[in-house]
1. So which residues in segment 38-80 are under 22 Å from H128 (Cβ atoms), among the hydroxyl-bearing types (S, T, Y) and surrounded by fewer than 21 Cβ atoms within 10 Å (Cβ to Cβ)?
2. Report, by residue number, each residue of segment 136-153 that is in contact with a Lys or Arg (Cβ under 9 Å, 6 or more places away or on another chain) and more than 13 Å from G43 (Cβ to Cβ).
3. When the residues of segment 112-138 are narrowed to those that are among the charged types (D, E, K, R) and part of a helix (DSSP H, G or I), which ends up nearest to N48 (Cα to Cα)?
4. For the list (1) of a type in the set (S, T, N, Q); (2) surrounded by 15 or more Cβ atoms within 10 Å (Cβ to Cβ); (3) free of Cβ contacts under 8 Å to residues at least 24 places away in the same chain, I need the number of the one condition that T160 fails.
5. Suppose we filter segment 139-170 for residues that are closer than 22 Å to E49 by Cα and at pLDDT below 90; how many remain?
6. Quick one: in segment 139-166, of everything that is of a type outside the set (A, V, I, L, M) and assigned to a helix (DSSP H, G or I), which residue is farthest from the chain's Cα centre (by Cα)?
7. Please tell me if V10 is assigned to a loop (DSSP other than H, G, I, E, B), modelled with pLDDT under 55, surrounded by fewer than 14 Cβ atoms within 10 Å (Cβ to Cβ) and of a type outside the set (F, W, Y).
8. Just checking, how many residues over segment 115-164 are among the β-branched types (V, I, T) and more than 23 Å from R36 (Cβ to Cβ)?
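The values are calculated or read from the model by the stated rules, or taken from the named source; none is laboratory data. Since this is a predicted model, take the numbers as computed values, not measurements. As a convention, Cβ positions derive from the backbone with ideal geometry for all residues, glycine included, and neighbour counts pool all protein chains shown.
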Amino acid sequence: MSFHFAYPTVILCGLAWLGCASVPLGATTEELARARDQTAQGGTVFANECASCHGQRGEGLANAGAILGPAALPEYPRSEGVGDPTVTDPQLIQIQAQSRPAGAAWRDPFRNAQDLYTFTTTHLPKSHASALKDGDYWAVVSFLLAAQGASLPQGGIGPTNAASIPIPKR
């Protein structure tokens with residue numbers, strides 16, 4: 001008799017696993033295509049400079065967080081970080097706590113394109129940040145926001161309009 005109860009449970013668990021395994025993390029194919037259409041330069045710079053740490057879909061790899069898709073680019077670190085293993089890694093949390101000045105925020109909030117630009121130009125890419133030009137950073141910010149569903153202004157995002165372009169929350 002226990003076989004009759006276990007069989008449906010096994011089937012349901014298997015179907016749930018298949019459903020989870022088929023959902024890509026990060027941006028969808030459509031979101032990436034829309035972002036590349038709006039800023040080809042940003043897509044190229046992202047692929048060359050960001051994807052090796054953050055993943056081809058911006059899903060986050062190893063110690064680099066998700067920057068595209070649901071819960072990416074939260075206003076504050078660790079808010080909306082469900083499912084991200086870097087959020088709960090005790091070693092990473094300890095390293096971050098030890099490396100910031102006493103009383104300092106984990107990082108400034110991401111509220112608009114200017115906040116994202118300021119963070120990326122200060123911290124990324126870690127391997128060779130000096131190789132990127134200002135236009136490359138603006139192109140990546142435009143790409144990230146387009147993939148998240150932001151409407152980009154004609155002419156793209158730059159220093160004159162970045163503060164007025166909010167980061168879409170998904």
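1. Within segment 38-80, T44, S52 qualify.
2. Of everything in segment 136-153, those that are in contact with a Lys or Arg (Cβ under 9 Å, 6 or more places away or on another chain) and more than 13 Å from G43 (Cβ to Cβ) turn out to be Q148, G149.
3. Taking the candidates together, the pick is D136.
4. Going through (1) of a type in the set (S, T, N, Q); (2) surrounded by 15 or more Cβ atoms within 10 Å (Cβ to Cβ); (3) free of Cβ contacts under 8 Å to residues at least 24 places away in the same chain one by one, T160 breaks only (2).
5. 1
6. S164
7. For V10, the condition - assigned to a loop (DSSP other than H, G, I, E, B), modelled with pLDDT under 55, surrounded by fewer than 14 Cβ atoms within 10 Å (Cβ to Cβ) and of a type outside the set (F, W, Y) - is not met.
8. Residues in segment 115-164 being among the β-branched types (V, I, T) and more than 23 Å from R36 (Cβ to Cβ): 3 in total.
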